[in-house]
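The values are calculated or read from the model by the stated rules, or taken from the named source; none is laboratory data. Given the structure is predicted, the values throughout are model-derived calculations rather than measurements. Because the Cβ atoms are built from the backbone with ideal geometry, glycine has one as well, and the counts that use them run over all protein chains shown. Remember, those area values only see protein heavy atoms, side chains included, never the ligands or the DNA or RNA. Shrake-Rupley method; radii C 1.70, N 1.55, O 1.52, S 1.80 Å.
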Amino acid sequence: MLVESDELARTVPGLLDSLEQPHRKKLLAIGQPRVFKENDLFWQQGDPHEGIYLILKGRVRSFYIAPTGREVTLAYWLPGNFVGGPDIFGGSPHVWCSSATQRCETIFLPGPALRKLALESAPIAVALLDAVGFKSRCYSAMAQMLGTRSATERLERLLIFLATAYGLKGDDGIMIAASFNHADLAALIGSTRQWVTTQLTRLQGRGILRYNRGMILIRNVAALGSST
């Protein structure tokens, strides 16, 4: 979500998108359906890596927990995406955590079987490379934003992204059709909940947005981008 490029916001390719039906069937044939309730962990940092999860329904948050206990959200992944990178075939510990932010239906693709299938099928191998490549671009963009933009600029850029990805246009502006509390926003930009609350109050006072119980109405998107 913390990216400079609008193209990354608009185009989120699914793992199966480029595969023809026979190759989709081969990939799904090695899978095991699994359901996660809201707040269930897929894994924690340091857990053995056993494979990837293809998301069919729901939303998954990937995040890193620092030794101090502070969390930074890396991304939210939606249906069509997978979680479990970068070592999609397993063999090393997980470097971050993933959890369900709502009920999730997934298909677990075991690492060893996935590796065997990639060796046998060039289209499946290319689809996996494309998906990993997209994730790498997202994480690189996030690192660039964290390293070169102020917290204010990161918050404004995040709000622009949310308006692009989740926005519903209405007479009063663009309503972000996804609930994010102040702590969620803070974890996405590497700040604190208190600071985000102060900044949203400031933006609301300037008439740029209205925030109420997790719902954000962007009244003036152009004004958000004025300092980025």
Partner lysines whose C-alpha sits under 26 Å from that of Lys25, ignoring same-chain residues fewer than 8 away, are Lys57, Lys116, Lys135
Determine the share of the chain's accessible area contributed by carbon and sulfur atoms, expressed in whole percent, with a 1.4 angstrom probe. 53
Counting heavy atoms of the protein chains only and a 1.4 Å probe, report the per residue accessible area for the chain as a whole number of Å². 50
How large is the helix-only mean residue ellipticity at 222 nm for the chain, computed as the sum of -39500 (n - 2.57) over DSSP H runs with n ≥ 4, divided by its residue count, in deg cm²/dmol to the nearest 500? -12500 deg cm²/dmol
Between Ala29, Ala186, Ala127, find the one with the highest GNM mean-square fluctuation for the chain; connect C-alpha pairs within less than 10 Å. Ala29
Equivalent ellipsoid semi-axes, the range 145-228, via Cα gyration tensor eigenvalues times 5, rooted, Å: 18, 14, 12
Distance between Cα centroids, the range 13-56 to the range 171-225: provide it in whole Å. 32
Taking only C-alpha positions in the range 106-153, Rg and Dmax in angstrom work out to 16.1, 48
Mind giving me the nanometre distance, one decimal, between the label points for Thr192 and Leu119, set 7 Å out from Cα along Cα→Cβ? 5.3
Choice from Met142, Met175, Met215 with maximal GNM fluctuation in the chain (Cα, 10 Å cutoff): Met215
Could you tally the net charge around Arg193, taking each other residue with its Cβ under 12 Å from the Cβ of Arg193, Lys/Arg +1 and Asp/Glu -1? -1
Taking every Cα atom in the range 48-153, find the radius of gyration and the maximum pairwise distance Dmax, and write them in Å. 14.9, 48
Area projected by the alpha carbon convex hull of the range 38-110, averaged over all directions, nm²: 4.4
Using Cα springs under 10 Å in a Gaussian network model of the chain, which residue among Pro67, Pro48, Pro33 shows the largest mean-square fluctuation? Pro67
Over the chain, what portion of Cα pair distances is larger than 27 Å, expressed as a whole percent? 37
